[in-house]
Amino acid sequence: MNELSIADIRARAVVAPLQRPIRTASGSIEAAPLVLLDVMTEQGLTGCAYLFAYTPAVLPALTALVDQITPMLRGQRVVPLDRQQQLLRQFRLLGVQGLLGMVLSTLDMAFWDLLGKAAGVPVVRLLGGEPQPLRAYDSWGLVDPGRDAAGLERSVGAGFAGIKIKLGGGELADDLATVREVRRIIGDRVALMVDYNQSLTPTEALRRVRALQAFDLAWVEEPVAAEDLQGHAQVRVQSPVPIQTGENWWFPRSAQQALDAGACDLMMPDLMKIGGITGWLSVMGLAHAASMPVSSHLFIEASAHVLAVTPTRDWLEFMDFGAAILQTPARLEQGCVTAQGPGLGMAWDEDAVARCRVG
């Protein structure tokens, strides 16, 4: 492991089919725009990870960014913390929010994948833990209870102990009707979470949360703009339902700022934005010190490794972007996901990648 050195990095853009579209208050995602990263070493091993681009419009920019960063890393040892610190210094004046932060975080995941493969073990073991079943919730977009009833019933039948739906596409009356019917479909024993995807003002968020509390919600996610920490804090203090946020924090300092502001009851870092596995380790320490439950956001395969070593772990979000381009997609067993290996347990299905590739 100590001898691994970076020979080259390859970035490929794909648009991968999804089992179901993701409808949000901001629009619909019909297929997943991904960038697949391969970090090749002088020793013949390759580490891989993928990032989710949200829109195909930025795929060319992301792959070009990887091409520009690659010369900075050729010949360097595969030491995730050192490489992250190197790149953070390189881009200090620019800052690492946005596309650059996504690339740096995904590179970190690929570096950890390499270390796991070199050791012949799952990454979770390098982090001091063991693969273990992690309870997962099925993550939906905006739902039409009539049209989606059968799908929601299948989610419960598959063993999911929680269901998350998105709201904010209409008025409060629409939210109430949707949540009431979804709760009826899934029953009282399944946890129900709702996500507003930053679509409300603090005042409107409180109005809606108070109206929805009767449906025994596990949390309300991102009710206001992600960067509005004071708005989140205002809602959290008065909300009868726990407030979840964190998927749009950039690197550990953002998590600390949110904690300092009292912006949430629960946190949900995103591996692609929080600094990859290296960044997650810092944030899970902050959460442990604050006794705050931590759930994952997207990236099932890698999240199963870091969540397993998170002292205050809560839920693993099941939104499967990688299934169409992986040889062995993440598996759900009795409502749980377990980390696979070696490394992060991922290998590309090259035939599927060729079919989905763009640019």
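The values are calculated or read from the model by the stated rules, or taken from the named source; none is laboratory data. What you see is a predicted model, and the numbers here were worked out from it, not measured in a lab. Backbone-built Cβ (ideal geometry, glycine too); neighbour counts: all protein chains shown. These accessible areas exclude ligands, DNA and RNA; they are computed on the full protein's heavy atoms, side chains included. Shrake-Rupley method; radii C 1.70, N 1.55, O 1.52, S 1.80 Å.
Rolling a 1.4 Å probe over the heavy atoms of the protein chains gives region 91-166 an accessible area of 38 Å² per residue.
Kirkwood radius and radius of gyration were both taken over the C-alpha atoms of region 1-58, and their ratio Rg/Rh is 1.17. The rule of thumb for compact globular proteins, 2.2 N^0.38 Å, goes into the C-alpha radius of gyration of region 151-224 1.07 times. Only the Cβ atoms of Lys and Arg (+1) and of Asp and Glu (-1) were treated as charged; on that basis the dipole of the chain about its Cα centre amounts to roughly 200 debye. Given a Förster distance of 25 Å, report the FRET efficiency between ALA225 and TYR54 from their Cβ-Cβ distance, rounded to the nearest 0.05. It comes out at approximately 0.95. Accessible area per residue for region 1-68, computed on protein heavy atoms with a 1.4 Å probe, is 43 Å². Our helix-only sum for the chain, with -39,500 (n - 2.57) per DSSP H run of n ≥ 4 divided by its residues, gives a mean residue ellipticity at 222 nm of -12000 deg cm²/dmol.
How big is the Rg/Rh ratio for region 170-323, C-alpha atoms only, Rh by Kirkwood, two decimals? Could you put the intermediate results ahead of the total?
Numbers: Rg = 15.3 Å, Rh = 15.8 Å.
Result: Rg/Rh = 0.97.
Considering only Cα atoms, the convex hull volume of region 67-174 works out to 196 Å³ per residue.
Of the options VAL220, PRO60, GLN86, report the single residue whose Cα projects farthest towards the positive end of the charge dipole of the chain (beta-carbon charges: Lys, Arg +1; Asp, Glu -1). After comparing all options, I get GLN86.
Other residues within the sphere of radius under 15 Å centred on the Cβ of ARG125, judged by their own Cβ, net out at -1 (K and R +1, D and E -1).
Of the accessible area of the chain, with the probe set at 1.4 angstrom, what percent is carbon plus sulfur? Please list the in-between numbers first.
Details: 6980 of 14260 Å².
About 49 percent, which is the carbon plus sulfur part of the accessible surface.
By the Stokes-Einstein formula, at 0.890 mPa s and 25 °C, the chain with its Kirkwood radius over alpha-carbon pairs has D equal to 119 µm²/s. I need the fraction of alpha carbon pairs in region 309-353 separated by more than 14 Å, rounded to a whole percent. More than 14 Å apart: 58 percent of the Cα pairs in region 309-353.
Could you give the alpha-carbon Rg of region 108-259 over 2.2 N^0.38 Å, rounded to two decimals?
Values: Rg = 18.2 Å, N = 152, 2.2 N^0.38 = 14.8 Å.
Dividing the Cα radius of gyration by 2.2 N^0.38 Å gives 1.23.
With viscosity set to 1.002 mPa s at 20 °C, what whole-number translational diffusion coefficient in µm²/s follows for region 239-359 from Stokes-Einstein and a Kirkwood radius over Cα pairs?
Details: Rh = 15.3 Å.
D, rounded to a whole number, is 140 µm²/s.
Can you pull the percent of Cα pairs in region 96-148 with separation above 18 Å? Don't jump to the answer; show the numbers that get you there.
Working: 837 of 1378 pairs.
Roughly 61 percent, once rounded to a whole number.
Over 18 Å apart: what share of the alpha carbon pairs of region 258-307 falls there, rounded to a whole percent?
Working: 281 of 1225 pairs.
For region 258-307, the share of Cα pairs beyond 18 Å comes to 23 percent.
Taking label points 7 Å from Cα along the Cα-to-Cβ direction, HIS288 and GLN90 give a separation of 3.1 nm.
Given N residues in region 117-201, what is its alpha carbon radius of gyration divided by 2.2 N^0.38 Å?
1.45
Along the axis of the charge dipole computed for the chain (Cβ charges of +1 for Lys and Arg, -1 for Asp and Glu, origin at the Cα centre), the listed residues PRO342, LEU200, PRO242 are led at the positive end by PRO342.
With both labels modelled 7 Å from their Cα along Cα-to-Cβ, the SER26 to LEU176 distance reads 2.9 nm. If you take the alpha carbon atoms of region 1-142 and fit the smallest convex hull around them, that volume is 138 Å³ per residue. With 0.36 nm allotted per residue and the present C-alpha distance subtracted, the VAL237-THR201 stretch has 11.5 nm of extension available. Think of a 1.4 Å ball rolled over the protein heavy atoms: region 200-306 then has 32 Å² of accessible area per residue.
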